[in-house]
Amino acid sequence: MGSPPAPVTLLFTILLPLFVSFLAGAPLALGWRPWPNQDKPNATDFIYGASKKYEGSSDFVHLKYHMGPVLTANITVYPIWYGVWQNSQKRIIREFITSFSAFNSKPPSVSGWWKTVQLYTDQTGANISSHVHLGEEKNDRFYSHGKSLTRLSVQSVIKSSVTARTKPLPINPKSGVYLLLTSEDVYVQDFCNNVCGFHYFTFPSILGYTLPYAWVGNSAKLCPGVCAYPFSVPDYIPGLKAVKAPNGDVGVDGMISVIGHEIAELSTNPLVNAWYAGQDPVFPVEIADLCEGIYGTGGGGSYTGQMSNGEDGATYNMNGIRRRFLLQWVWNPLLNYCTGPNALDQ
């Protein structure tokens, strides 16, 4: 999430995706990619092994509601395309976002996945909105803040997008999600150090408004083995074979799960005072952190779980409007374990 704050999410105990380090006392929720499957199982694999129905379940998980707001009004996602993007890449991400509310998609679907996020409520009992819309977009193809961004300059990019002289993005603090997407030649602070995305909110001192936002980077050139796994694999694990990306773009297909991760957490914890595990908001472990790297039944530890293969050989686990995607699961507050619409017991 933010600027002076700079937590880095790793594994939180052997069961939970670990928390974060921070720079200046403010929390920052980060999305990182799973460690790849290994030939030798680790300790976590044996813990999960007894009951594969309860992916990610643990007696150590105490997800709590801290009385803060969640996004119950119709959610609007405003993409900010920073750097050079191909139209084909933009279409993949646009169609993923519009799939959140595509209720007639073939199951298992992205909209089915979003139904788990919708289970979360605010203190009035109002649920997360079932409607996620694609809002206005902003292009920053000339790298107005350079090709190396800090957490603070990420907020400056968002400020530039909402204060632009021509076609500024709307100011929507109640239900807006400002999604900064950086192209493959842009480095963001801590990118590739197991961090592929984060979310936070803008500081009024910088922008004048508190706007929930997320950043996700295209790792195709910098670290696909970390942030686009399993469509690319790390060089340090010989013999591990990558799977085929469902939309033919390793970097963008790898971004999809991180985008879903961050939007799910922004919706349930936009100001870092709503839904998270742990005693201190400086170290929030949120609903997607708890299921990092789990894409299907049998997931946990270093294993992704059961995924699907299309006739073209591509690997995916959920359907969108016209495309297929690989999207990690999220924590189900009623069942107290990670779930997804492609679970074998659904």
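Readers should treat all values here as calculations from the given coordinates under stated rules, not as data from a laboratory. Everything quoted here is computed from the prediction, not taken from an experiment. Ideal geometry is used to build each Cβ from the backbone, glycine not excepted, and the neighbour counts take in all protein chains shown.
Worth pointing out:
- A straight chain from residue 335 to residue 280 at 0.36 nm per residue would run longer than the Cα-Cα distance by 17.4 nm.
- Under 15 Å from residue 147, Cα to Cα: aspartates and glutamates that are on another chain or at least 8 residues apart: 184, 185, 190
- In plain terms, the residue of 323, 91, 141, 165 with the fewest other Cβ atoms within 10 Å comes first and the most crowded comes last, giving 165, 141, 91, 323.
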